[in-house]
Every structure is written in C-alpha cells, then in structure tokens.
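Notes to accompany the following structure.
The values are calculated or read from the model by the stated rules, or taken from the named source; none is laboratory data. Computed from a predicted model, the values in this text were never measured in an experiment. Cβ sites come from the backbone with ideal geometry, for glycine too, and all protein chains shown count toward neighbours. For accessibility, only protein heavy atoms count, side chains too; no ligands or nucleic acids. Shrake-Rupley method; radii C 1.70, N 1.55, O 1.52, S 1.80 Å.
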Amino acid sequence: DVVGGKTVVLTTTNMTRAVVAAAKAGRLVVCAIVNVSAVAEALRREPRVVVLCSGFEGRVAIEDLLCGGMLLSRLGFRFGDGDLDDAARLALLAAAEYGDRTELLLRSCEHGRRLLSLGFERDILYCARTDCSGRVPEMDGGAFCSSGSSLTRVKGNASSQLAWAGLIPYFCAI
C-alpha cells in the first residue's frame, strides 16, 4: 500500500474552505456517493445536521447537490418539508432525478467531463458506486480519520481515506 501508515495531505479548491467554514462544528464528517448510507446511519440520531457542499472552484457542483440530496433523502427529508432551504430542495430534486443514475450525472457534469478529458474514467466509475463503502471519515485532531459507520475514532492515524471517498467529498457539520 503506497500511502499506508503515512500522513496524506489533500488540498482542493473548495473542500479546504468548507472544512474551515465548519471548524466550530461539534463533529465534522465526510460524505460521498460511495458512503452516503453509512453517513446517514451514523448521523440518524443527531439533533441537528448541517450539510455543506464543497463545490468546484468556488461554484456549485451538481455532483455535490446529488450527494447532498441522497443524504437528505436517506435521513428522511422530503421536498415539501418546511424547514428546508432552497439549496436542500434542489439537492433533493437532483437525488430524485439521478440518485439511481449516478454514473450518468458524473459523466455529464462539468467536473466529470473535465476528469474524463484528463483520462480519469476509472475515477468516475468508482465515484458513482453508491454505498460501496461503510467507512465514515471524521475530523479528529485536525485530520480526517476513518472508521466504520459507528464513527469510532482512530486516534493518531491520519486518514488516507479521502481517496476512496471519491474525488467528490461532501461535508456534514454537526
């Protein structure tokens, strides 16, 4: 394993900003299409969940809306719920339309087309695999540490799991 036992540093155009924006959250976990049900299960009993899109280069990214909508749907939210803002409603619409066709959306969205043009088709195929992982990375001591869906923290072990989380992380601040 190339990264096993090593600290992996990942900087992105928006993910870093999303983490900084959520720095005061009681818990910060990473959700992607590949672990959306595990994250939903881990968050099910939380009294309040804030879902943040990391986006792409300072703009909205439809793949983030899709993942966010899939998470909201799995948490039991519906389009007509009065306490949802318009962004959450758009996310639920994306999930309703493409939740069972994630690969199609990922291939056709702006970021996906860019990845395909650079030869990263395998990344698209992997990122489109709904629920292929039960791991839920959680911020612990300034680093994301990975665990099973119970969110038991892995002390002192920096996460290299953002790679499996797909290149499309979506953050949940609690």
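Couple of notes before you dig in:
- Of the solvent-accessible surface of the stretch 49-119, computed with a 1.4 Å probe and all protein chains present, 53% belongs to carbon and sulfur.
- Debye, to nearest 20: dipole size of the stretch 38-95, +1 on Lys, Arg Cβ, -1 on Asp, Glu Cβ: 200
- The length gained on full extension between E97 and V20, counted as 0.36 nm times the residue separation minus their Cα-Cα distance, comes to 24.6 nm.
- For the set L90, L65, solvent exposure ranked by accessible area (probe 1.4 Å, protein chains only) runs largest to smallest as L90, L65.
- With DNA, RNA and ligands ignored, accessible area of E121 (1.4 Å probe; Å², nearest 10): 90
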